Amino acid sequence: MQKKQRVLLYFLIINISYFWAIGHAQNSINNSKNNLAYSDQASSAYISGLNYLGGRGVAVDKQKAMIFLTQAAEYGIAKAQYMVGTAYLHGDGVVQSNQTAIYWIEKAALQNDSEAQYAMGVAYALGHGVEKNQSKAVYWYEKAAEQNDDLAQFNLALMYQHGQGVTQNDAIAVQWLEKSAAQGLADAQFNLGIIYSNGSVVTKDEEKASQLFEKAAVQGLAEAQFNLSIAYMKGSGVPQNLSLAMQWLKRSAEQGCVNAQILLAGQYSTGTHIKQDPSLARQWLEKAAEKGNPDAQAYLAQMYEQGYGGSKDPIKAQYWRNQFNQKPFS
């Protein structure tokens, strides 16, 4: 599997919808391992916590929300345990404490809450609140992935891809990427697209690669937008369409993709597939240079030295030449 493809380890994504939580409150209670005699009290505490958290019928008060949610967590409601844990993780309504966060998140994970299982995987992968342990990260990712958590599936794929905490296995990595991509995760779609485009693990399929790039691109993933622009430029897996190629290239560059910024600068410089505009070429090259790209810094120094795309500026030319010379060469 190509090692240069985008590798991203998602950290805890805490965005619990109030109305989603209300709708799942009873399920969490019913799945509790605690005595069912506590169900009414647990339900009342959980709903009260959500009310204060979401401002439903009362003013938003995160501290009161945490008091009630902690009560619900102590009764054994898994989702409350997870919410309390994430609150401690971020110090939201409570004093921040990684140790307390892990205490509650692990309780929820042991009750088979997929979000909590994913969170435990991230904690072990990064060593947040626990000692870093890639094998335990894989264990928890797999638990969540088996429950169709798309982020866990993606991270588990990366673990198999790079042999972290598990024996390296590209075939299994692809299986989990397929599952995550099918659920619409843009990074999984992009990574899978790279795999199909280079054909090192699966049979090369440029058409499928382009389809995956497009799915990720429409979700706003800059790297996918760049790869899709290249596909349209070359006619790889899609009919050649220079207009679409430039549209996707601009969108990618505007989102900060350095490769897109450099290529777009080149297009404006030469006028190959777009109206020539040396001043825009300089502007896009400067954006890439500011992000530390040595090629962009070297070319930009020449542009300022020669006055291409604007007035000559020996001081800026020397500045970018110095920035370029400071870069280590491998």
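Structure shown: which of Lys208/Lys250; Lys275/Lys312; Lys234/Lys275; Lys179/Lys287; Lys234/Lys312; Lys250/Lys316 lie over 30 Å apart, alpha-carbon to alpha-carbon? Show your work: numbers first, answer last.
Working: Lys208/Lys250 23 Å; Lys275/Lys312 23 Å; Lys234/Lys275 19 Å; Lys179/Lys287 36 Å; Lys234/Lys312 35 Å; Lys250/Lys316 26 Å.
Table pairs above 30 Å Cα-Cα are Lys179/Lys287; Lys234/Lys312.
Taking the beta-carbon count within 10 Å as an exposure proxy, list Phe68, Phe324 from fewest neighbours to most. Each step should come with its number before you reach the end.
Values: Phe68 21, Phe324 18.
If I rank by nearby Cβ atoms, fewest first, I get Phe324, Phe68.
Exactly which trypsin sites (Lys or Arg not before Pro) in segment 243-330 are in a DSSP loop and have at most 16 other Cβ atoms within 10 Å? The partial results should precede the final answer.
Working: sites: Lys250, Arg251, Lys275, Arg282, Lys287, Lys291, Lys312, Lys316, Arg321; in loops: Lys275, Lys291, Lys312.
Hits after loop and neighbour filter: Lys275, Lys291, Lys312.
Relative contact order, percent, of the chain when contacts are C-alpha pairs under 8 Å separated by at least 6 residues? Before the final figure, lay out each step's value.
Details: 577 pairs, mean separation 25.7, N = 330.
Relative CO of the chain lands at 8 percent.
Give, to the nearest whole percent, the P(r) tail of segment 174-330 beyond 25 angstrom, counting all Cα pairs. Walk me through the intermediate numbers first.
Numbers: 4851 of 12246 pairs.
The proportion of pairs with Cα distances above 25 Å equals 40 percent.
Which of these, Tyr46, Tyr103, Tyr319, has the largest mean-square fluctuation under a Gaussian network model of the chain (Cα springs below 10 Å)?
Maximum among the listed residues: Tyr319.
How would segment 175-256 be classified by its alpha-carbon gyration tensor: rounded, prolate or oblate, with rounded meaning a/c under 1.5 and the a/b versus b/c comparison settling the rest? Kindly include the intermediate steps, with their values, before the conclusion.
Working: a/c = 2.35, a/b = 1.31, b/c = 1.79.
Note, shape of segment 175-256 comes out oblate.
Any idea how far the Cα center of segment 232-249 sits from the one of segment 41-87, in Å?
51
Just one of (i) 46; (ii) 57; (iii) 23 is percent of Cα pairs over 33 Å apart calculated from these coordinates, so which is it?
Correct label, based on the coordinates given: (i).
Please check: in the Gaussian network model of the chain (C-alpha springs, under 10 Å), which one of Asp150, Asp313, Asp113 has the largest mean-square fluctuation.
Largest GNM mean-square fluctuation: Asp313.
Using a Gaussian network model of the chain whose springs link C-alpha atoms within less than 10 Å, name the residue from Ile194, Ile172, Ile274 with the highest mean-square fluctuation.
Comparing Ile194, Ile172, Ile274 in a Gaussian network model of the chain, the most mobile one is Ile274.
According to the square roots a ≥ b ≥ c of the eigenvalues of the Cα gyration tensor, what is the shape class of segment 274-319, taking rounded for a/c under 1.5, prolate for a/b larger than b/c otherwise, and oblate for the remainder? Present the calculation step by step, with values, prior to reporting the outcome.
Numbers: a/c = 2.26, a/b = 1.12, b/c = 2.03.
In terms of gyration-tensor shape, oblate.
For the chain, which span is the longest to avoid every loop-located (per DSSP) member of GluC sites (Glu not before Pro) having at most 15 other Cβ atoms inside 10 Å? The partial results should precede the final answer.
Working: sites that count: Glu131, Glu146.
That would be 147-330.
Read-outs: derived from the displayed coordinates by stated rules, not from any lab. No experiment lies behind these values; they were computed from the predicted model shown. Counting neighbours? That spans all protein chains shown, and the Cβs are built from the backbone with ideal geometry, glycine included.
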